[in-house]
Amino acid sequence: DELDPTFDLHYLGVVIMKILQMEVVRKVLDPLDVKSLELISERTNLDNESRLPHFTSADQVVADLRKLQPVYLNRAGVHELGAYTGTRTIRIPISGSIPFSVRVESIITHPLFTRLYNAVQLGFSYYVFPGAAHSRFEHSLGVFANVTRYIASLLSDDYQPYFRQLVDEEKISTVLVAGLLHDIGQNSFAHSLEDVGVVPRHEEVARTFMTGEGIGEYVSPQFLDIGPLSEAITTFWPEVSMKRLIWMIDKESTDPLPHDLGWDVMRSIIDGPLDADKTDYILRDAHHAGIEYAKSIDMTRFMNSLTAAVVKEGFSDRGVLAITWKGKQSAENIVYARSQLFWVLYWHHAVRAAHAMLAACCYDHLQGLNEAGKRGFKWILYGGTIGELLALLGESANERARVLAGMLRHRHLYKRGIILDYPDDPALYRRVIRNKEELQKQGDATL
């Protein structure tokens, strides 16, 4: 209190650097500890430039020094990251054992989450790939498992220890919850139905399920007595801010929140070029569909190469998830496998025909329905099975909807009339795309 704290911190950084230059000290310190202490020195020493913000108080320095303690990973609040998870685990394909702590249980046993058992990850893809009938529930657990591994790897990063100094318990807990809930607003056909305006973006539905605002539009009254997910989050994850959680999940969120490099990195773990979502669905979808491309991915090497970086974006800095040179081949294989999955699985002509038929069927069914009828459709879509949805559509007042539902139930799919790729006829391709965009603007989904 008596001396200038800025000068004190500067001198502390100078002392730390002098100590680190002693050979006897460097011999006993772990490489991660050395690089972390060098970064702390850099952020206190006023003579040095740093990509991370300079410390402004001794409390901040103490908080980052405490992260060097061996018990940091296992302290209350991030015990899901510990190497030993005990007997409370859930086993799923690809991911193996997943931590099943009390606070994880509070979310995945909530009825709004268990409804994901009925949400088939790949819609009608099982008409072509019979094994591809896995659920969004399984995928959500897989993403959560990946997030725990991303975080554990980044906290142990000795290449560039930015991550350890950018994060705290709130950020770690928030990204864990975001991994679990990133698809909470999904149904079996969300992407196909969003394209024709039948349902809003699944991120908007996720916000509703988390906050409870307008929840009656999507789920039947049996869900309303239980309450939204925010109640479980507030009780078991008190350090998690709902505004920040929604910002993590919804990239179009406009909630005003202060910028922070650490939050940037956390968001890129959930939504980025090599995020935990992509690295799960690539392996999981390929596994269930029986497709081999993803088997070339060395996920252990990829995880061990994760790091955090700070990049320039305009006139400001942004934190990003990155990889070291050691993970280059693994990252390239992930990108290549994803591209192959689109061509072989997601864009398979029969799968796309089935989903286009379902979208047209739902669109036609909703025409002329009153608000109660539209609400009943959403209740089945978000809370029921595919069989229940087709049964509802099969009794539609709209004739074409009834016909399409019957065809889908018996796998009588439309055949390809024309295959048009951009190189075949660029002018025609652009014309088709323009026509589609115009129809979407007009709210006409008949195309």
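The values are calculated or read from the model by the stated rules, or taken from the named source; none is laboratory data. Owing to the predicted nature of the structure, the values given are computational and were not obtained by experimental measurement. Just the protein is used for accessible areas: all its heavy atoms, side chains included, with ligands, DNA and RNA removed. Shrake-Rupley method; radii C 1.70, N 1.55, O 1.52, S 1.80 Å.
Hey, can you grab everything whose amide H is under 5 Å from the amide H of Ile323? Only 5+ residues off in sequence or another chain; H modelled, so Pro and N-termini drop out.
Thr307
Mean-square fluctuation check for the chain, GNM, Cα pairs under 10 Å: which of Gln186, Gln121, Gln21 is largest?
Most flexible of the set in this elastic network: Gln21.
Where does the chain land at 222 nm, in deg cm²/dmol rounded to the nearest 500, when only DSSP H runs of n ≥ 4 count, each adding -39500 (n - 2.57), divided by all residues?
It comes out at -16000 deg cm²/dmol, rounded to the nearest 500.
Quick check: at a probe of 1.4 Å, how many percent of the accessible area of the chain sits on carbon and sulfur atoms? Numbers along the way, then the final one.
Details: 11810 of 22090 Å².
That fraction is 53 percent.
What list of ³J(HN,Hα) couplings, whole Hz, do you get for the stretch 281-294 from phi and the Karplus terms 6.51, -1.76, 1.60, once you set θ to phi - 60° and write x for glycine and proline?
5, 4, 6, 6, 5, 5, 4, 6, 7, x, 9, 8, 4, 6
Taking the full set of protein chains and a 1.4 angstrom probe, give the accessible area of Ser396 in square angstrom, rounded to the nearest 10.
Approximately 0 Å² of Ser396 is accessible to the 1.4 Å probe.
Amide H neighbours of Ile90 under 5 Å, at least 5 residues apart or on other chains, H built in the peptide plane: list them.
Ile98, Phe100
Tell me, what ³J(HN,Hα) does each residue in the stretch 51-60 have, in order and in whole Hz, if you take phi through Karplus 6.51 cos²θ - 1.76 cosθ + 1.60 with θ = phi - 60° and put x for Gly and Pro?
For the stretch 51-60, the Karplus curve yields 6, 9, x, 5, 5, 10, 8, 5, 4, 5 Hz.
Quick one: 3J(HN,Hα) in Hz for the stretch 140-149, Karplus 6.51/-1.76/1.60 with θ = phi - 60°, rounded, Gly and Pro as x.
Taking θ as phi minus 60°, the curve returns 4, 5, x, 5, 4, 4, 5, 4, 4, 6 Hz for the stretch 140-149.
Could you do me a favour and compute the accessible area per residue for the stretch 252-302, 1.4 Å probe, result in Å²? Before the final figure, lay out the partial values.
Working: 2250 Å² over 51 residues.
Per-residue value: 44 Å².
Give the lysines reachable from Lys171 as a straight Cα distance under 16 Å; neighbours fewer than 8 places away on the same chain don't count.
The reachable lysines, counting only those whose Cα sits under 16 Å from Lys171, are Lys67, Lys243.
Among (1) 30; (2) 23; (3) 45, which is the computed percent of Cα pairs over 39 Å apart?
The value matching this structure is (1).
Compute the long axis of helix 328-341 from its Cα atoms, compare it with the longest principal axis of the Cα atoms of the chain, and write down the angle in degrees, 0 to 90, nearest 10.
For helix 328-341, the angle is close to 10 degrees.
Hey, can you find the accessible area per residue of the stretch 384-424 for me, probe 1.4 Å, expressed in square angstrom?
Heavy-atom SASA per residue in the stretch 384-424 reads 69 Å².
Hey, can you find the accessible area per residue of the stretch 178-240 for me, probe 1.4 Å, expressed in square angstrom?
Value returned for the stretch 178-240: 37 Å² of accessible area per residue.
Taking Lys415 as the anchor, which lysines have their alpha carbon closer than 28 Å to its alpha carbon, excluding any fewer than eight residues away along the same chain?
Here the lysines satisfying the reach criterion relative to Lys415 are Lys436, Lys441.
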